[in-house]
Amino acid sequence: MKILVAGATGTVGRRLVPLLVEAGHDVSGTTRSAERAQALEESGARPLVVDVLDAEALRTAVADDRPDVIVHQLTDLAAEDFAANNRLRAEGTRNLVEAAKAAGVETMIAQSIAWLYVSGDTAATEDDPLDPHAPPYPGVSALEEAVATMPHGVVLRYGAFYGPGTWYAPDGAIAERVRAGLMKLNPAWTSFVHVDDAAAAAVEALEWPAGAVNVVDDEPALATEWIPVYCEAIGAPVPEARGRHARSTGRPISNAKARELGWTPQFTSWREGFGKL
Ligand SMILES: NC(=O)c1ccc[n+]([C@@H]2O[C@H](COP(=O)([O-])OP(=O)(O)OC[C@H]3O[C@@H](n4cnc5c(N)ncnc54)[C@H](OP(=O)(O)O)[C@@H]3O)[C@@H](O)[C@H]2O)c1
């Protein structure tokens with residue numbers, strides 16, 4: 001299959017390209033940088049140097065490349081610039097969907113997030129409503145709505161990435177926050193996924209039906225549980241517990257659908273995965 005990875009140099013894209021090449025696909029990938037284009041070439045992908053916010057240039061690049069499938073792994077989070085990321089999700093995805101349709105591409109698999117469900121203590125499935133008051137909602141809903149207009153659009157609602165090159169890596173932004181004592185030991189839910197498992201899910205999604213799929217590990221965790229394990233893994237002091245009787249916030253996420261579709265994460269729990277950070 002001819003597969004174009006939009007965001008081929010990002011945390012997931014970097015892992016996804018070699019998996020697709022190894023599986024025998026003809027792979028191309030986008031980046032805005034000539035330097036990273038060379039790295040892409042070295043990993044076996046044809047680089048397309050293009051900014052997805054430039055609709056015209058993107059349309060030409062996709063038409064020239066003529067892929068069968070586009071895997072959208074674009075984010076703009078390296079500098080934790082959430083406004084830029086919202087714009088990329090909304091405008092960038094719209095441009096990508098338009099370019100795909102103009103080039104006759106039918107399938108798009110796109111990166112979304114799993115932590116947008118309305119709060120509660122039962123595990124959220126893909127049928128549960130998203131919270132319109134959550135800050136990432138405008139960008140995420142625009143992304144998901146645009147992908148749903150493709151003849152075949154699959155949305156991967158990823159949990160929090162951990163592993164090399166992520167915010168949770170020992171040199172990442174969350175590790176820094178934990179070491180600075182800025183993370184609270186409170187009953188807030190997080191569902192994690194190792195970045196290698198996230199990339200593997202994108203490969204498997206080539207065979208999945210249209211719709212949203214939560215891609216998280218088997219063990220949603222309260223911060224009171226995961227932070228001490230994480231602190232031990234990165235050698236940071238465990239913060240003191242506060243507000244022991246506070247209500248939990250956020251929502252545990254179910255991966256039952258991804259499991260039924262055949263996705264088998266290498267790291268079924270962050271408990272194992274943190275040990276290998
Ligand atoms: N679910 C999660 O927890 C989650 C999801 C995403 C990211 N993150 C965190 O965010 C951090 C940074 O993410 P990241 O490494 O994926 O990097 P990133 O800087 O957010 O970039 C991701 C990809 O998007 C591309 N991109 C961004 N803007 C673009 C544009 N206008 N046009 C074309 N391509 C564009 C980048 O390409 P070029 O820069 O090469 O042009 C890159 O390939 C990571 O540490 C990760 O932990 C977390």
Please tell me if A160 is in contact with a helix residue (DSSP H, G or I) (Cβ under 7 Å, 6 or more places away or on another chain) and within 16 Å of the ligand (Cβ to nearest atom). no
Filter result (within 13 Å of the ligand (Cβ to nearest atom) and under 22 Å from T122 (Cα atoms)) within segment 186-200: T190, S191, F192, V193
Test result for V203, of a type in the set (A, V, I, L, M, F, W, C), in a helix (DSSP H, G or I), away from the ligand (no atom under 15 Å from the Cβ) and in contact with a Lys or Arg (Cβ under 8 Å, 6 or more places away or on another chain): no
Can you name the residue in segment 13-36 that is buried (at least 22 other Cβ atoms within 10 Å of the Cβ) and within 16 Å of M108 (Cα to Cα) and is also nearest to the chain's Cα centre (by Cα) among such residues? G13
Being under 13 Å from the mean Cα position of the chain (by Cα), closer than 20 Å to A258 by Cα, assigned to a helix (DSSP H, G or I) and modelled with pLDDT of 95 or more narrows it down to one residue among V155, V147, V140; which is it? V140
Selection from segment 11-36 of residues that are within 11 Å of the ligand (Cβ to nearest atom), outside any strand (DSSP E or B) and free of Cβ contacts under 8 Å to residues at least 40 places away in the same chain: V17, R32, S33, A34, E35, R36
For segment 79-118, the count of residues that are under 14 Å from the mean Cα position of the chain (by Cα) and basic (K, R) equals 1
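The values are calculated or read from the model by the stated rules, or taken from the named source; none is laboratory data. Since this is a predicted model, take the numbers as computed values, not measurements. Note: ideal-geometry Cβ built from the backbone for every residue, glycine included; neighbour counts use all protein chains shown.
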